[in-house]
């Protein structure tokens with residue numbers, strides 16, 4: 001399990017778009033699912049997890065607590081994957 005705590009800003013900060021592509025020509029889909037799992041982030045001075053732009057992303061079994069600004073912030077979701 002990975003962890004981040006007591007950072008000056010964010011515990012985990014992803015500034016590039018998360019949108020992995022499938023290079024398998026036999027696949028029915030050209031997109032892959034990105035997964036953040038088993039991550040603990042606490043007592044950071046900004047956010048537990050900050051994601052600038054997300055495509056197909058799952059956050060599974062993460063503990064985010066006691067972060068000053070927010071526990072989780074996603075700035076933009078690719079409209080193709082926005083489920084409202």
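Quick look at the numbers
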item: Those residues of the stretch 11-20 which are within 14 Å of residue 75 (Cα to Cα) and either in contact (Cβ under 8 Å) with a residue 40 or more places away in the chain or in a loop (DSSP other than H, G, I, E, B) (or both), in sequence order; result: 15, 16, 17
item: Residue list for the stretch 20-59, restricted to those being crowded, with 16+ Cβ neighbours inside 10 Å and out of contact with any strand residue (DSSP E or B) (no Cβ under 7 Å at 6 or more places or on another chain); result: 46
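Any read-out appearing in this document is the output of simple, stated calculations on the displayed coordinates, not a laboratory observation. On a predicted model such as this, the values are computed, not experimentally measured, just so you know. Virtual Cβ from ideal backbone geometry, glycine too; neighbours counted across all protein chains shown.
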